[in-house]
Each structure stands twice: as C-alpha cells, then as structure tokens.
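Here the structure comes first, spelled out in structure tokens, and everything after it is commentary.
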Amino acid sequence: MLVVKVGGSLYHHPRLGPGLREYLGTLAPSSVLIVPGGGEFADAVRKLDVIHGLGEERAHWLALTSLWAAAAFLRILLPGSECESHPDAARFDSLPLGSIRILDSHMFCQFHASAPDHLPPSWDVTSDSIASRAAIVYRATRLILLKSVDVPPNTSWSHAAEQGWVDRHFPHLALDLRIPVEVINFRRWLDDNTTPFTPDPGTSSTGQVDPVARS
C-alpha cells in the first residue's frame with residue numbers, strides 16, 4: 001500500500017482532477033491511501049488563530065476538522081474513492097488491488113492521540129507529518145509527497161523543513177521511516193499538460209539517520 005499526500009497548494013490548479021487520476025493510474029495495481037493537504041481550508045484556521053488567539057492546541061484540532069472538507073473535495077475529483085478512518089492497519093491487506101482511500105485526518109489523529117508517539121498538537125504538524133505517521137501506522141511500502149516545489153537532490157529533511165518545503169515536525173518522523181520517500185513537483189507536471197506522467201527514478205529516499213530528499 002502507498003501513502004500519497006496531495007498538497008493543498010495544488011487545489012486551485014484546473015488540471016488537478018484529471019492529472020491526479022492519471023497519476024494514480026501509474027501506481028496501479030497498488031492500493032493508495034491519500035492524505036489531503038490543508039490548503040486554504042487550514043489557512044482559514046491559521047487566520048482565525050492570529051485574530052482570536054485560539055492557541056496552538058485548539059487551532060491544531062480545528063485545522064484537522066477543516067481537512068474533512070479537503071477530503072470531501074478530493075473525493076469529488078476521484079470518483080470511486082472512499083473515506084478511510086479505520087485504525088486497523090491489517091484491514092488494508094483485504095482491500096481489492098487498486099483501491100483508493102482518502103484519510104479522515106481528524107479521526108486518524110484523534111484515535112492515535114493517546115499513543116506515546118502521537119503527533120503533537122502544534123502548527124509544526126501539517127499534512128506532511130500526518131502522511132508520514134499514516135505511512136508508519138498502515139505499514140505503507142512508499143510515501144509520496146505531491147507538492148508545488150522542487151526539493152533539490154541530496155537535501156536533508158532538516159534543511160527541507162528550514163526552507164518550508166516540509167513541515168517542521170517531519171524530520172523527526174522521517175527517522176522512523178524505513179521506506180522510500182518521494183517528493184514530486186506535481187504542479188510543474190500539471191502545467192505541462194501535453195506530457196504523460198513519467199515517475200522520476202531519482203526521487204526516492206530511504207530512511208537513514210538524517211534522511212535526504214532526492215527529487
């Protein structure tokens with residue numbers, strides 16, 4: 001099973017729907033768990049936090065609630081996909097090949113909130129870290145981050161976090177990842193709508209003490 005995070009910065013691209021369907025087709029017959037990015041849904045909560053001083057913990061959970069709208073949006077773009085909030089990782093083993101599930105991030109984080117390695121309720125945690133945590137919990141074989149930026153080859157995750165290419169908590173989770181991680185500038189491919197998607201064999205990064213991104 002693969003975990004694919006769809007960055008919220010891609011939501012306004014007019015080709016996201018057909019482009020995402022085409023890309024997921026290249027991953028077949030693997031089952032895919034999609035983690036929706038926050039985009040303007042989460043940004044609205046950030047603005048409310050600044051105005052009203054909600055506090056990081058309450059803003060964190062409110063932002064996770066807003067991801068339900070992001071998941072519903074992606075379900076419209078991906079007919080046949082279903083929402084996933086079941087905590088049992090073994091359930092994926094019985095799903096039909098090629099199944100597409102979209103994570104209910106709020107339910108996922110709520111269920112695992114009492115775990116020793118739960119995600120901290122902070123703005124340091126975004127859908128990057130949620131996708132990483134989901135990849136660990138659901139025993140994914142690969143984690144793919146679809147974004148609107150290039151991460152230069154051999155960039156450490158710590159440096160990527162400093163540059164804002166991944167969230168600030170992601171490098172901590174990357175230490176526990178023992179699967180390939182790929183960062184793809186999906187916007188660039190969507191902009192060039194005449195070229196079929198061809199995965200770049202140089203985008204993967206395996207977990208190591210200070211994992212690096214190759215994209």
If the requirement is being in a helix (DSSP H, G or I) and either among the basic types (Lys, Arg) or surrounded by fewer than 23 Cβ atoms within 10 Å (Cβ to Cβ) (or both), which of these qualifies: Pro171, Pro96?
Pro171
What are the pairs with Cβ atoms under 7 angstrom where one residue, in the stretch 19-34, is crowded, with 21+ Cβ neighbours inside 10 Å and the other, located anywhere, is among the acidic types (Asp, Glu)? Sequence gap at least six, or different chains.
Leu33/Glu84
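Residues of the stretch 1-18 being assigned to a helix (DSSP H, G or I) and in contact (Cβ under 8 Å) with a residue 24 or more places away in the chain, which ones?
Going through the stretch 1-18, the residues assigned to a helix (DSSP H, G or I) turn out to be 8-10, 16-18.
Those that are assigned to a helix (DSSP H, G or I) and in contact (Cβ under 8 Å) with a residue 24 or more places away in the chain: Gly8, Ser9, Leu10, Leu16, Gly17.
In this structure, is Leu54 out of contact with any Ser or Thr (no Cβ under 8 Å at 6 or more places or on another chain) and free of Cβ contacts under 8 Å to residues at least 12 places away in the same chain?
On the way: out of contact with any Ser or Thr (no Cβ under 8 Å at 6 or more places or on another chain): yes; free of Cβ contacts under 8 Å to residues at least 12 places away in the same chain: yes.
The answer is yes for Leu54.
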Determine if the stretch 121-144 includes at least one residue that is among the β-branched types (Val, Ile, Thr), at pLDDT below 90, in contact with a strand residue (DSSP E or B) (Cβ under 8 Å, 6 or more places away or on another chain) and part of a loop (DSSP other than H, G, I, E, B).
no
Ala72 vs. criteria among the aliphatic types (A, V, I, L, M), assigned to a helix (DSSP H, G or I) and touching a residue at least 12 places away in the same chain (Cβ under 8 Å)
no
Taking the conditions exactly as written (farther than 30 Å from Gly55 by Cα, without any contact (Cβ under 8 Å) to a residue 40 or more places away in the chain and of a type outside the set (Val, Ile, Thr)), does Ser94 satisfy them or not?
yes
For residues that are within 14 Å of the chain's Cα centre (by Cα) and closer than 24 Å to Leu48 by Cβ, tally how many sit in the stretch 97-118.
6
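The values are calculated or read from the model by the stated rules, or taken from the named source; none is laboratory data. Predicted, not measured: the structure shown is a model, and the values here were computed from it. We place every Cβ from the backbone using ideal geometry, glycine too, and count neighbours over all the protein chains shown.
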